[in-house]
Amino acid sequence: MSASGAIDAAWAISRSEGNDTSEVSPNCHTHAKAKTCPCVVALEHLRKAGMGLIRTLRSVATFSVPTLSRQKRRFERAANIADLRLIAKRRLPHGIFDYIDGAAEDEITMRRNSAAFQQYEFVPRVLRNVADIDTRTLFLGRTLKTPLLFSPTGFTRIAHSQGELSVARVAARHGLPYCLSTLSTRSIEEVAAVSNGPKWFQVYVWRDRVLLKDMLARAQASGYEAIMITVDTAVLGRRERDVRRGFTLPPKLGLGTIVDGITHPAWTWDFIRNEPITFSNITDPNASSAGTAVNLSNFISEQFEPALSWDDLEWFRANWNGPIILKGVQSVADAVLAQKYGIDAVALSNHGGRQLDSAPAPLDLLAPVALATGGTLPLICDGGIRRGSDIVKAIALGASACTLGRSYLYGLGAAGEPGIDRVLTMLTDDMTRTMALCGVRTISEITPELLSLVPTGRI
Ligand code: FNR
């Protein structure tokens with residue numbers, strides 16, 4: 001706007017507010033410097049109106065410095081785990097993403113693990129004073145900030161060079177247990193060195209019991225509190241995405257992987273700058289071709305004990321001084337047997353759908369298992385947790401805690417350690433909000449009455 005245009009506008013405002021402008025022309029030069037001049041009064045009005053507008057804008061808008069990296073911008077804007085999954089999908093080479101994201105055969109089990117949560121809706125209660133929400137819970141003698149644990153995932157460094165160290169650090173910061181996989185890419189001792197939080201060790205039962213005994217002794221000496229024996233891996237499930245890609249651990253270099261690497265430079269740069277990925281816990285050179293690429297299916301059928309049975313649990317009692325958890329229980333009958341054998345807790349789990357396809361969803365097993373075991377066997381719901389509301393539903397159906405598998409790997413793959421932190425913040429915020437909206441203040445107030453089945457045909 002020109003100067004005379006601005007004065008005209010100011011005049012109009014001044015007149016509209018009842019000021020006498022009759023003696024002075026809008027283009028007045030004579031009165032321009034006099035305080036009483038209506039031109040000056042009108043301009044003052046204009047200035048005040050402008051300031052008012054800026055104040056109003058300031059109160060409704062905050063301005064932030066724009067982030068230049070597109071990847072970072074996407075991460076900052078991620079609203080949920082599904083968003084982090086998409087960022088991980090962009091950042092990771094296709095073969096790596098599919099190794100994490102994929103499951104066995106038609107992936108029916110994996111899809112149902114998550115879909116099972118949609119069968120339920122809440123029966124929220126109101127006017128219950130939810131000013132203070134307390135998500136703490138007691139699990140195996142430890143107070144956890146939230147009823148959440150980090151499930152073991154083999155080859156975690158494939159998503160990001162910091163791998164297991166990042167997961168252990170985040171778990172410790174949030175006061176939650178981290179269960180390190182037998183097939184980890186950082187050793188029992190390396191993880192213990194970065195985490196003073198609760199740590200568990202996941203056991204795949206090797207044919208070579210000397211190697212197994214040695215790992216248990218190392219875990220005990222490094223302060224791991226519990227072991228989780230995975231019992232759903234007598235043989236490896238057929239993960240067809242990996243079959244199609246000829247996936248090996250670590251990834252073998254071929255034309256396909258080179259092209260995949262070039263088109264995902266952030267991951268590739270991180271991968272080549274760091275030391276090679278190996279099965280860090282396996283010190284026996286005969287037990288693993290540490291460092292060379294292996295086909296996971298062949299490796300497991302050569303090394304794992306397919307003849308494992310209930311009687312072997314005694315061997316673990318003799319070689320482990322602490323709680324023993326069975327991971328991979330998929331029936332009421334086996335949960336009852338586990339209780340009979342004196343197992344301390346059971347993880348209802350189908351390995352995230354990576355083993356047997358068409359296996360029951362852990363969420364569906366909770367209520368019948370809780371009933372059959374009299375509510376005295378601590379139950380972990382492992383599989384499909386992507387929302388804080390999922391955790392609330394699992395607890396209502398009888399879980400003592402829930403575990404995260406892919407959710408934290410998506411965070412790690414999307415942005416490294418801050419990505420895992422973000423996952424935890426999202427889930428705990430979600431959970432607290434869900435509890436408040438349902439009218440429950442503590443974990444013990446989350447009971448079956450909080451849920452009802454969604455009427456048929458409405459899911
Ligand atoms: C796993 N899981 C797994 N379980 C186990 O006992 N030992 C292991 O080494 C691994 N490795 C592993 C790698 C990857 C890439 C994934 C995705 C999963 C299974 C894991 O502990 C957990 O049971 C599932 O991930 C739970 O399902 P959600 O949370 O991924 O849906």
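Values in this text are rule-based calculations from the coordinates and carry no lab data. These numbers come from a predicted model, not from an experiment. Here the Cβ positions follow ideal geometry from the backbone for every residue, glycine too, while neighbour counts run over all protein chains shown.
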For the A221, E44 Cβ pair and Förster radius 60 Å, calculated FRET efficiency rounded to 0.05 is 0.15
Modelled label-to-label distance, W269 and T376, 7 Å Cα→beta-carbon offset: nm?
5.9 nm
Helix 81-91 axis, angle to the chain major axis (alpha carbon atoms, nearest 10°)
80 degrees
Contour minus Cα-Cα span, K340 to K145, at 0.36 nm per residue, comes to 67.2 nm
Which one of S349, T456, N80 is farthest out on the positive end of the charge dipole of the chain, using unit charges on Cβ (Lys, Arg +1; Asp, Glu -1) and the Cα centre as origin?
N80
Average Cα contact separation per residue, the chain, under 8 Å, 6 or more apart, as relative contact order %:
23 percent
Would you work out which of P362, G256, T425 lies farthest towards the positive end of the dipole of the chain? Charges go on Cβ: Lys and Arg +1, Asp and Glu -1.
T425
Could you work out how far apart the two model spin labels at I108 and I133 are, taking each label as a point 7 Å from the Cα in the direction of the beta carbon, and quote it in nm?
3.6 nm
Between Q71 and V194, what FRET efficiency follows from the Cβ-Cβ distance if R0 is 30 Å, with the result rounded to 0.05?
0.70
For A168, what is the net charge nearby, where nearby means another residue's Cβ is under 14 Å from its Cβ and Lys, Arg count +1, Asp, Glu -1?
-1
If we count every other residue with Cβ under 13 angstrom of D260's Cβ, Lys/Arg +1 and Asp/Glu -1, where does the sum land?
+4
Just add up the charged neighbours of E240: K/R +1, D/E -1, any other residue whose Cβ is under 13 Å from the Cβ of E240.
-1
Take M51 and H94, extend 7 Å from each Cα along the Cα→Cβ direction, and tell me the distance between the two endpoints in nm.
6.2 nm
Per residue of the chain, what 222 nm ellipticity follows from adding -39500 (n - 2.57) for every DSSP H run with n ≥ 4, rounded to the nearest 500?
-13000 deg cm²/dmol
Compute the longest continuous run of the chain that contains no exposed GluC sites (Glu not before Pro); treat a site as exposed when its DSSP state is not H, G, I, E or B and it has at most 10 other Cβ atoms within 10 Å.
24-459
Of all beta bridges DSSP finds with both residues in the chain, what is the antiparallel percent, to the nearest 5?
25 percent
Quick one: dipole size for the chain, taken about the Cα centre, charges +1 on Lys/Arg Cβ and -1 on Asp/Glu Cβ, in debye to the nearest 20.
1340 debye
With unit charges on the beta carbons (Lys and Arg positive, Asp and Glu negative) and the dipole taken about the Cα centre of the chain, which residue among L180, Y410, Q220 sits farthest to the positive side?
Y410
Sorting M435, M228 on the 10 Å Cβ count, fewest up front, what's the list?
M435, M228
